[in-house]
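Engineer: Here it is, the structure, as structure tokens.
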Amino acid sequence: MTTVPDAPASPGRMLDALADGIAATLGENLLALYVHDSYVAGDFEPARSDLDLLAVLREVPTPATLELLRPLHARFAVDHSVWADRIEVDYFPAATLAALPDRPGPMIRISPGEPLHLFEASRHYLLNVASARADGRALRGQSPTAVLPPVDRAAIRAVVREHAASWPEWVEDAHGRTGAQAYAVLTLCRALHLVVEGSQVSKRRAGVWAAARHPESAGLIEWASAWWYDAGADDVPGRYEDVAAFVTSLAAEVAATP
């Protein structure tokens, strides 16, 4: 029997199936599972947006845990091919979550362009924890605020500044990659919004906010948002010089914001 992949317009059905698969695979080791970011916070675009999940494990993950999860994600990439590279799942043990502001800890992760792997999580992943705690919806287990530790705002801003500082160098590799250029513009808009306003919002909302703050760059931001949300193609000419200058400018503004 041939498996017919889900259409991009059916994220809810796919999400339920993924949650069922994670729960069945991990069993008692799964303490809680949340979907967060644009799917619950708004501006989710079925043809473009990623699905972001955060799983809390009772036990510290090992290579055996990784191998347990690998068939689940491999099967999902086949059964739901239109979502194959648009799934992000962070598998955090409770111990890593508790210590993450101060020291790295083990986690398992899969995300677009990044295969399922086991590694030591840096405090950069506090951004995902904060997002899931603030707007996450429980697919399994108790509410996010009952399970996920609060994340200090000063730590979040420090992480965002560190992340933004790396983007001027990152964007140097975006020549001829229109999607990467659009992504860079909207990512810096989100970073600036977070350090100025204190909250994480979607790429679209951050773009609208940044365009009002920087009207001289409104055209570039609107171009990036249109490419991202209207399923733009990489064979459409990019705006590399404008993007590189914008990213450098906003990274400096993020660094300078108290």
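The values are calculated or read from the model by the stated rules, or taken from the named source; none is laboratory data. Nothing here was measured: the structure is a model prediction, and the numbers come from that model. Note that each Cβ is placed from the backbone with ideal geometry, even for glycine, and that neighbours are counted across all protein chains shown. Accessible surface is based on the protein model in full, side chains and every heavy atom, while ligands, DNA and RNA are left aside. Shrake-Rupley method; radii C 1.70, N 1.55, O 1.52, S 1.80 Å.
Engineer: Given a 1.4 Å probe and the protein chains all in place, what does the accessible area of residue 10 round to, in Å² to the nearest 10?
Structural biologist: Looks like 30 Å² after rounding.
Engineer: Per residue, what accessible area does the chain have, given a 1.4 Å probe and all protein chains present, in Å²?
Structural biologist: On a per-residue basis, 46 Å².
Engineer: Another question, then. Report the full-extension gain for the segment residue 241 to residue 177: residue separation times 0.36 nm, less the Cα-Cα distance, to one decimal in nm.
Structural biologist: Computed gain between residue 241 and residue 177 is 21.8 nm.
Engineer: What shape does region 91-188 take by its C-alpha gyration tensor, where a ≥ b ≥ c are the square roots of the eigenvalues and a/c under 1.5 counts as rounded, a/b above b/c as prolate, and the rest as oblate?
Structural biologist: Cα axes put region 91-188 in the prolate bin.
Engineer: So how much slack lies between residue 143 and residue 213, counting 0.36 nm per residue of separation and subtracting their Cα-Cα distance, in nm?
Structural biologist: Computed gain between residue 143 and residue 213 is 21.7 nm.
Engineer: Each residue of region 13-24 in order: what ³J(HN,Hα) in whole Hz does its phi give by Karplus 6.51 cos²θ - 1.76 cosθ + 1.60, θ = phi - 60°, with x for Gly and Pro?
Structural biologist: 5, 5, 5, 4, 5, 5, 4, 4, x, 5, 5, 5
Engineer: Round to the nearest 10 and give me the degree value, 0 to 90, for the angle of helix 240-256's Cα axis relative to the longest principal axis of the chain.
Structural biologist: Taking Cα atoms only, the helix is inclined about 80 degrees.
Engineer: Then there is this: Determine, from the Cβ-Cβ distance of residue 255 and residue 197 and an R0 of 22 Å, the FRET efficiency 1/(1 + (r/R0)^6), rounded to the nearest 0.05.
Structural biologist: 0.85
Engineer: How compact is region 188-258 by the rule of thumb for globular proteins, expressed as Cα Rg over 2.2 N^0.38 Å?
Structural biologist: 1.10
Engineer: OK, next. Can you give me the % of accessible surface on region 127-195 that is carbon or sulfur? Probe 1.4 Å, all protein chains present, nothing else counted.
Structural biologist: The computed percentage sits at 48.
Engineer: Can you give the calculated 222 nm mean residue ellipticity of the chain, where each DSSP H run of n ≥ 4 adds -39,500 (n - 2.57) and the sum is split over every residue, rounded to the nearest 500 deg cm²/dmol?
Structural biologist: -16000 deg cm²/dmol
Engineer: Taking amide hydrogens as modeled 1.01 Å from N in the peptide plane, which residues meet the under 5 Å criterion relative to residue 139, leaving out close sequence neighbours?
Structural biologist: 33, 34, 35
Engineer: I want the antiparallel fraction of DSSP beta bridges within the chain, as a percent rounded to 5.
Structural biologist: Here the share of antiparallel DSSP bridges comes out near 70 percent.
Engineer: So how much slack lies between residue 82 and residue 66, counting 0.36 nm per residue of separation and subtracting their Cα-Cα distance, in nm?
Structural biologist: Length difference between fully extended and current span is 3.4 nm.
Engineer: Separate question: At 1.4 Å probe size, with the rest of the protein present, what percent of the exposed accessible area of region 199-258 is carbon and sulfur atoms?
Structural biologist: In region 199-258, the share of accessible area belonging to carbon and sulfur is 57 percent.
Engineer: Can you pull the percent of region 51-94's accessible area that's carbon plus sulfur, 1.4 Å probe, other chains left in place?
Structural biologist: Its accessible area is 61 percent carbon and sulfur atoms.
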